[in-house]
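In what follows, a single structure is set out as structure tokens and then discussed.
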Amino acid sequence: MTSDAHSDPDSDSGHSSDAEADAGHDGDENAVSGADSDRRTQIHEAFPELEDIGDSTLRTQVVDAWERGLERGGWRAIRDIPYAWNIHEVSNVEHVRGTTRIALESAAIQREFHGAAPDEDVLVAACLLHDVGKCYEYVEFVDAALVDPDQTYCSEEIPHSISGYALAHEVGCPLAVQRAIPHFLGEVPTRTLEAELVKSANSASSNAITQATMGITLAEWVERYSQTSG
């Protein structure tokens with residue numbers, strides 16, 4: 001059956017009017033804006049530890065880094081990113097939060113018992129960003145419906161600690177935060193108190209996860225499965 005719109009001689013022969021085209025363009029822009037807003041909302045909801053960062057500029061930079069990683073990786077949901085390419089029952093969000101909480105507890109003990117003074121803003125920002133690079137590294141290892149991952153950035157060949165550092169650098173995080181992110185490979189020669197806290201907290205969280213899910217230590221997991229092992 002022919003619709004009235006197509007049979008009406010006053011209709012525009014199936015072509016959209018300029019106003020309709022503009023409306024469609026505006027709709028596309030609104031959709032993009034909505035997606036950006038949704039990503040930022042997801043990030044804030046996933047990481048309540050953001051509120052532990054007193055410097056609002058740094059807090060925004062952490063969110064910016066995650067937003068770019070999620071967008072370029074094509075992730076619809078931040079919790080779709082797994083802890084590891086072969087451990088999907090634990091999300092990267094859970095691990096990042098665990099690492100942050102462990103690091104904060106350790107920093108408190110360092111202050112109380114040893115008189116050390118780790119910078120909490122630097123520590124929390126670096127912990128929250130230490131695995132943001134998994135947005136790029138793990139796109140080939142999930143069943144989640146990804147939206148056109150940007151192959152300029154996404155690859156399993158670049159360790160996530162390196163791509164995470166690059167994201168932190170790109171959004172303008174302070175050098176103290178940047179140097180604490182390459183936590184695993186020893187890429188940064190000048191180690192800081194905050195960097196060592198990130199590294200040890202990451203190991204503590206990771207050991208718990210690999211033991212709980214696979215019955216092996218982190219060192220055993222790295223030896224068997226990591227692209228960074230010998």
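The values are calculated or read from the model by the stated rules, or taken from the named source; none is laboratory data. Everything quoted here is computed from the prediction, not taken from an experiment. Don't worry about glycine lacking a Cβ; one is built from the backbone with ideal geometry, like all the others, and counts go over all protein chains shown.
Residues of segment 95-146 being under 16 Å from the mean Cα position of the chain (by Cα) and farther than 22 Å from Ile162 by Cα, which ones?
Across segment 95-146, the qualifying residues are Ala144, Leu146.
Counting just the residues of segment 77-102 that are of a type in the set (A, V, I, L, M, F, W, C) and either outside any loop (DSSP other than H, G, I, E, B) or without any contact (Cβ under 8 Å) to a residue 40 or more places away in the chain (or both), which one comes out farthest from Leu50 (Cα to Cα)?
In this case the residue turns out to be Ile87.
If you check Leu175 against the conditions, is it without any contact (Cβ under 8 Å) to a residue 24 or more places away in the chain and of a type in the set (A, V, I, L, M)?
Values: without any contact (Cβ under 8 Å) to a residue 24 or more places away in the chain: yes; of a type in the set (A, V, I, L, M): yes.
Yes, satisfied.
Need a quick list: helices (runs of 4 or more DSSP H) entirely within segment 103-192 having at least 1 residues that are of a type in the set (S, T, N, Q) and either in contact with a His (Cβ under 6 Å, 6 or more places away or on another chain) or at pLDDT 95 or above (or both).
Because the criterion is at least 1 residues that are of a type in the set (S, T, N, Q) and either in contact with a His (Cβ under 6 Å, 6 or more places away or on another chain) or at pLDDT 95 or above (or both), the helices (runs of 4 or more DSSP H) in segment 103-192 that meet it are 160-170, 175-178.
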